[in-house]
């Protein structure tokens, strides 16, 4: 597939999702996809069919992260992606919001090598890769409460995992959970200081959604529970 054919197909998928692509963003997405396609022949980065750039592949790897990036709050400067694998959704999101400094966490060495090469290939400034499990990063105090946004797609979500991950978020920081059609919504089992904030549809073609959790101030979390018991407001104070 030529570059023009790829760009035309990518533009059509973006338009279908209600998104427009600036030329620089489009070029960066193609560079990332081409690199992923090349490396995927050697190591297993994704099980998706990359050879033909099928619509569902473009939607999952590129378009869905762009739709999610609309919900990154203004002023966010640091993003942590856990279980980065082949680099989606983290790299497309960082390309869409270049002011955000990205740290990807990937425990598999060969995948982390690919991610570093992808950072170089697409020109992401200030991005880095931690070749470790996220639990090991809990021993690094400089990462605690240092991030405005944390993203997860492929990691199994359990209350214990969320309790550990929230340590990396600033107060009022957001945690983005990418959920498929059959995945359970964790909004009823979120451990404090995290709390459900919103759920957004992502792509109709994938029946995917974005669950957003917010790290609330501890005092606000306590007030929230007291007010709910008293039959008052159903949302925590701002």
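Multiply the residue separation of residue 19 and residue 136 by 0.36 nm, subtract the distance between their alpha-carbon atoms, and state the gained length in nm to one decimal.
Here the answer is 38.4 nm.
Take the Cα atoms of region 54-95, build their convex hull, and give its volume per residue in Å³.
Output value, Cα hull per residue: 67 Å³.
Stick to Cα atoms and the Kirkwood definition of Rh, then tell me Rg/Rh for region 8-113.
Ratio value, two decimals: 0.95.
Output the 0 to 90 degree angle, nearest 10, between the alpha-carbon long axis of helix 3-16 and the longest principal axis computed from the alpha carbons of the chain.
30 degrees
Please report the antiparallel percentage of DSSP beta bridges with both residues in the chain, rounded to the nearest 5.
Counting only bridges with both partners in the chain, antiparallel ones make up about 45 percent.
Based on the Cα atoms of region 100-193, what semi-axes does the equivalent ellipsoid have, where each is the square root of 5 times one gyration tensor eigenvalue, given in whole Å with the largest first?
Numbers: eigenvalues 112, 54, 34 Å².
Calculated on Cα positions only, the semi-axes equal 24, 16, 13 Å.
If I take R0 = 25 Å and measure r between the Cβ atoms of residue 205 and residue 108 in this structure, what FRET efficiency does the formula 1/(1 + (r/R0)^6) give, to the nearest 0.05? Spell out each step's value before the answer.
On the way: r = 29 Å, r/R0 = 1.16.
Rounded to the nearest 0.05, the efficiency is 0.30.
Report the full-extension gain for the segment residue 198 to residue 52: residue separation times 0.36 nm, less the Cα-Cα distance, to one decimal in nm.
49.1 nm
Send over the per residue convex hull volume for region 57-143, Cα only, as a whole number of Å³.
Numbers: hull volume 8.3 nm³, N = 87.
Hull volume over Cα atoms, normalised by residue count, gives 95 Å³.
Pulled fully out, how much extra length does the chain show between residue 74 and residue 2, if you take 0.36 nm times their separation in residues and subtract their Cα-Cα distance?
The residue 74-residue 2 span can extend by a further 22.3 nm.
If you bin every alpha carbon distance in the chain into 10 Å steps from zero, what whole percent lands in each bin?
Histogramming the chain at 10 Å steps yields 7, 32, 36, 18, 6, 1, 0 percent.
Mean-square fluctuation check for the chain, GNM, Cα pairs under 10 Å: which of 138, 115, 66 is largest?
Among 138, 115, 66, the largest mean-square fluctuation in the Gaussian network model of the chain belongs to 138.
Provide the FRET efficiency to the nearest 0.05 for the residue 116-residue 160 pair, computing r from the beta carbons and using R0 = 25 Å.
Working: r = 30 Å, r/R0 = 1.18.
Efficiency for this residue pair is about 0.25.
Throughout, read-outs are computed from the coordinates displayed, never taken from laboratory work. These numbers come from a predicted model, not from an experiment. Please note: Cβ atoms are built from the backbone with ideal geometry, for glycine as well, and neighbour counts cover all protein chains shown.
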